[in-house]
Each structure stands twice: as C-alpha cells, then as structure tokens.
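This report refers to the structure that appears directly beneath it.
The values are calculated or read from the model by the stated rules, or taken from the named source; none is laboratory data. Bear in mind that the values here come from a model prediction, so they are computed numbers and not experimental data. When we count neighbours, we look across all protein chains shown, and the Cβ atoms used for this are built from the backbone with ideal geometry, even at glycine.
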Amino acid sequence: MKAVIVNFRRNRHTTSSNHMIVAIEGVDSKDKAEKFVGKSVTFNTGKKDISGKVASTHGNSGAIRVIFETGMPGQCLGKEVKIN
C-alpha cells in the first residue's frame with residue numbers, strides 16, 4: 001500500500017530524525033489507521049532501502065507514526081513509502 005511522508009515527529013524544541021509521520025492513501029480515521037500498527041515500511045532512497053515499522057497512530061485523521069532504522073534525510077518529506 002502506498003503512503004506519503006508528511007513530516008518528522010517533533011515538538012517545540014527537538015526533532016526526531018528517525019520518527020516520521022506518514023499519511024496513507026484512503027485512510028481518513030483513527031480506526032482505519034490502527035489496522036496498520038506493527039506492519040513494516042520501506043523507503044527507497046535510490047541507492048538503498050531504509051526499513052521501518054509502524055509504531056502507532058497519530059492524531060484523529062488517519063496518520064501513522066513510523067520508526068525507521070536510521071535517520072531519514074530531509075529530502076524524504078513528501079516522498080512515497082511502501083507499507084508491506
């Protein structure tokens with residue numbers, strides 16, 4: 001299933017480089033997003049694949065929080081990821 005990286009997980013002072021907020025196509029509620037918790041996610045940088053895992057939902061509009069194995073580059077914002 002396809003999804004788009006929306007932003008880094010952040011707060012007022014810090015940004016987590018390997019935690020990302022991801023929006024899934026066709027998912028618009030928290031109940032639908034809960035079905036993806038625990039699934040694996042891959043992001044293709046062109047040279048290698050960075051894998052991660054869906055940790056939890058984020059907010060009430062169907063976004064999820066993904067924890068990747070390494071820090072993500074800033075160029076990944078707005079790019080597509082694949083949920084397995």
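Things worth noting here:
- Whichever residue in the stretch 37-54 is in contact (Cβ under 8 Å) with a residue 24 or more places away in the chain and small (Gly, Ala, Ser) and, among such residues, is surrounded by the fewest Cβ atoms within 10 Å (Cβ to Cβ): Ser40
- For the stretch 63-78, the count of residues that are within 19 Å of Arg9 (Cβ to Cβ), charged (D, E, K, R), over 11 Å from the mean Cα position of the chain (by Cα) and modelled with pLDDT of 95 or more is nonzero.
- Among residues of the stretch 60-84, those that are surrounded by 12 or more Cβ atoms within 10 Å (Cβ to Cβ) and out of contact with any strand residue (DSSP E or B) (no Cβ under 7 Å at 6 or more places or on another chain), counted: 2
- Residue within the stretch 62-79 that is out of contact with any Cys (no Cβ under 8 Å at 6 or more places or on another chain), under 14 Å from Ala23 (Cα atoms) and among the polar types (S, T, N, Q) present: no
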